[in-house]
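Notes to accompany the following structure.
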Amino acid sequence: MTAVATMADLDELALAMPQVTKDVSDDGRPSYSVHGKSFCFHRSRRPDALDPETRERLDDVVVFRVDDLDVKELLLADARGVFFTTPHWDGYAAVLVRIRNLGRLERDELRDLVVDAWLTRAQKRVAKAWLAENELAGD
């Protein structure tokens, strides 16, 4: 059986990417950046993301940058319903995932999300070098 994804995996995978820094908010929410540009973060409660059953603001939402709006639409169409968006993110190349739903992704899928998010923010030369090195490694 393939390993399912966790927040610990997210932390490990994000920090494995070149030049990544991690900041943690006062209430413990991690944010991952490359050269000061955030590519993945656990966002705070917002009025635009409500639990469909309780109508409470969601406290477990992670944002992943994606390459473009086409990629966003592909992820949103995933039949498992792991990815979602809100009106706040309309027109932005990013998808949202509830932490409790990370386990519905395989660890390799989370790795791909992290890598793709990182690639949207990394400097071109750094990204190119990383891609070349990892393609040679048989990724």
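The values are calculated or read from the model by the stated rules, or taken from the named source; none is laboratory data. All figures in this text were calculated on a predicted structure; none of them were measured in a lab. We place every Cβ from the backbone using ideal geometry, glycine too, and count neighbours over all the protein chains shown.
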**Item:** One residue from 27, 90, 70, 51 being exposed (fewer than 15 other Cβ atoms within 10 Å of the Cβ), under 14 Å from residue 116 (Cβ atoms) and out of contact with any Gly (no Cβ under 9 Å at 6 or more places or on another chain)
**Value:** 70
**Prompt:** Do the conditions hold for residue 8, that is, is it of a type outside the set (Asp, Glu) and surrounded by 15 or more Cβ atoms within 10 Å (Cβ to Cβ)?
**Reply:** no
**Message:** I need every pair where a residue in the range 90-111 that is without any contact (Cβ under 8 Å) to a residue 24 or more places away in the chain has its Cβ under 6 Å from the Cβ of a residue that is surrounded by 16 or more Cβ atoms within 10 Å (Cβ to Cβ), sequence separation at least 6 or different chains.
**Reply:** 101/82
**Request:** Hey, could you check the range 28-56 for residues that are assigned to a strand (DSSP E or B) and modelled with pLDDT under 90 and say which is farthest from the chain's Cα centre (by Cα)?
**Result:** 50
**Request:** Being out of contact with any helix residue (DSSP H, G or I) (no Cβ under 6 Å at 6 or more places or on another chain), touching a residue at least 24 places away in the same chain (Cβ under 8 Å) and of a type in the set (A, V, I, L, M) is the filter; apply it to the range 23-60 and report the residue that is farthest from residue 7 (Cα to Cα).
**Result:** 49
